[in-house]
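Colleague: Can you read through this structure? Questions will come right after.
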Amino acid sequence: MKICATTLGETAGDLLSMTMNVGYAVSSAILIGCFLVSVLFQLKSNKFNPVLYWTVILTTSTAGTTMSDFMDRTLGLGYAKGSLILITCLMVVLAVWRFSEKTLSVDNIQTVKAELFYWVAILFSNTLGTAMGDFLADDSGLGFLGGAALIGGLLGLVVLAACFTRLNRVMLFWVAFVLTRPFGATFGDLLTKPIAMGGLNFGTAGSSLILASLLVAFIIYSIMTEKRALNAALSE
């Protein structure tokens, strides 16, 4: 679901900023506004709501796409320098969160302050992921497919580490969480770019529609699964 949401964030962000020609700066302002509204509702909610939660994830991903493009292209920082700045920002957020809350675990977030740290870290990780994905696809010579394959391989190693080692699960969570974003960025470009550029030529609108449909299906499935589990527990 996270990979689907981050890939949709890439294609939807590009749809607004590039296909609709709104521009990176204006698109970033619009999407940051959407993020702030959605996260405000999330913070006011007193229980987990899958639709609301994944809406906030999606708004961080779309905002991260245009924010990264604004930094790297409009401001001329470039992918490598932009990635370095965003890595530093993410590390600072995680360090302050760890110092303040004594943990980076997301299994049992109870305070508004901890949840704010969580969403700020996600926003920076999604923005970083776009810059890293663009660097792999454009500057490294790997191309869209090569970049997606590399990040997919790294995600596979994280899965193996979670299954077969005793490495810290909180660390593995954040590594996987960060890696899903550059995977989404490179895979999103693979879906949208023309065949002549190494893409599949679905376009930003077509790719966004496909990914949105998949994400909605996953959310519905997760809600139904949770309800079945709850009903089973109540019947015992």
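Colleague: Look at segment 1-11 and say how many of its residues are over 20 Å from Leu145 (Cβ atoms), of a type in the set (A, V, I, L, M, F, W, C) and surrounded by fewer than 24 Cβ atoms within 10 Å (Cβ to Cβ). Spell out the reasoning first.
Modeller: Filtering segment 1-11 for residues over 20 Å from Leu145 (Cβ atoms) gives 1-2, 5.
Pick out the ones that are also of a type in the set (A, V, I, L, M, F, W, C) and you get 1, 5.
Applying the additional criterion that residues be surrounded by fewer than 24 Cβ atoms within 10 Å (Cβ to Cβ) yields 1.
Number of matching residues: 1.
Colleague: So, one more: Take the conditions loosely packed, with under 12 Cβ neighbours inside 10 Å, of a type in the set (Phe, Trp, Tyr) and either in contact with a His (Cβ under 8 Å, 6 or more places away or on another chain) or without any contact (Cβ under 8 Å) to a residue 12 or more places away in the chain (or both) and apply them to Phe202. Does it pass?
Modeller: Details: loosely packed, with under 12 Cβ neighbours inside 10 Å: no; of a type in the set (Phe, Trp, Tyr): yes; either in contact with a His (Cβ under 8 Å, 6 or more places away or on another chain) or without any contact (Cβ under 8 Å) to a residue 12 or more places away in the chain (or both): yes.
Spelling it out, it is not the case that Phe202 is loosely packed, with under 12 Cβ neighbours inside 10 Å, of a type in the set (Phe, Trp, Tyr) and either in contact with a His (Cβ under 8 Å, 6 or more places away or on another chain) or without any contact (Cβ under 8 Å) to a residue 12 or more places away in the chain (or both).
Colleague: If you take the residues of segment 157-180 that are of a type in the set (S, T, N, Q) and over 23 Å from Met132 (Cα atoms), which of them is surrounded by the fewest Cβ atoms within 10 Å (Cβ to Cβ)? Step through it out loud before you land on a result.
Modeller: First pass over segment 157-180, keeping only residues of a type in the set (S, T, N, Q): 165, 168, 180.
Remaining after also requiring over 23 Å from Met132 (Cα atoms): 165, 168.
Numbers: Thr165: 9, Asn168: 13.
Checking each candidate, the answer is Thr165.
Colleague: So, in segment 158-194, of the ones that are farther than 30 Å from Thr204 by Cβ and polar (S, T, N, Q), which residue ends up farthest from the chain's Cα centre (by Cα)?
Modeller: Thr165
Colleague: Could you list, in sequence order, the residues of segment 129-152 that are modelled with pLDDT of 85 or more and either surrounded by 19 or more Cβ atoms within 10 Å (Cβ to Cβ) or of a type in the set (S, T, N, Q) (or both)?
Modeller: Within segment 129-152, the first condition is being modelled with pLDDT of 85 or more, and the residues that meet it are 149-152.
If the condition is that a residue be modelled with pLDDT of 85 or more and either surrounded by 19 or more Cβ atoms within 10 Å (Cβ to Cβ) or of a type in the set (S, T, N, Q) (or both), then Ile151 is the only one that fits.
Colleague: Also, quick follow-up: Looking at (1) in contact with a helix residue (DSSP H, G or I) (Cβ under 8 Å, 6 or more places away or on another chain); (2) among the aromatic types (Phe, Trp, Tyr); (3) within 15 Å of Lys2 (Cβ to Cβ), can you tell me which one Phe173 breaks?
Modeller: Of everything listed in (1) in contact with a helix residue (DSSP H, G or I) (Cβ under 8 Å, 6 or more places away or on another chain); (2) among the aromatic types (Phe, Trp, Tyr); (3) within 15 Å of Lys2 (Cβ to Cβ), Phe173 misses just condition (1).
Colleague: Same structure again: Look at Ser68 and say whether it is surrounded by 16 or more Cβ atoms within 10 Å (Cβ to Cβ) and either at pLDDT 85 or above or in contact with a Lys or Arg (Cβ under 7 Å, 6 or more places away or on another chain) (or both). Let's see the steps before the verdict.
Modeller: Working: surrounded by 16 or more Cβ atoms within 10 Å (Cβ to Cβ): yes; either at pLDDT 85 or above or in contact with a Lys or Arg (Cβ under 7 Å, 6 or more places away or on another chain) (or both): yes.
In short, yes.
Colleague: Looking at Gly33, is it under 27 Å from Ala212 (Cβ atoms), small (Gly, Ala, Ser) and surrounded by fewer than 13 Cβ atoms within 10 Å (Cβ to Cβ)?
Modeller: Considered against the rule, which asks whether it is under 27 Å from Ala212 (Cβ atoms), small (Gly, Ala, Ser) and surrounded by fewer than 13 Cβ atoms within 10 Å (Cβ to Cβ), Gly33 comes out as yes.
Colleague: At pLDDT 90 or above, outside any loop (DSSP other than H, G, I, E, B) and surrounded by 16 or more Cβ atoms within 10 Å (Cβ to Cβ), is that true of Ser38?
Modeller: Working: at pLDDT 90 or above: yes; outside any loop (DSSP other than H, G, I, E, B): yes; surrounded by 16 or more Cβ atoms within 10 Å (Cβ to Cβ): yes.
Criteria met by Ser38.
Colleague: Exactly one of these conditions fails for Lys47: (1) out of contact with any Phe, Trp or Tyr (no Cβ under 8 Å at 6 or more places or on another chain); (2) farther than 26 Å from Ser213 by Cβ; (3) assigned to a helix (DSSP H, G or I). Give me its number.
Modeller: (3)
The values are calculated or read from the model by the stated rules, or taken from the named source; none is laboratory data. Quantities reported herein were computed from a predicted structural model and do not represent experimental measurements. As a convention, Cβ positions derive from the backbone with ideal geometry for all residues, glycine included, and neighbour counts pool all protein chains shown.
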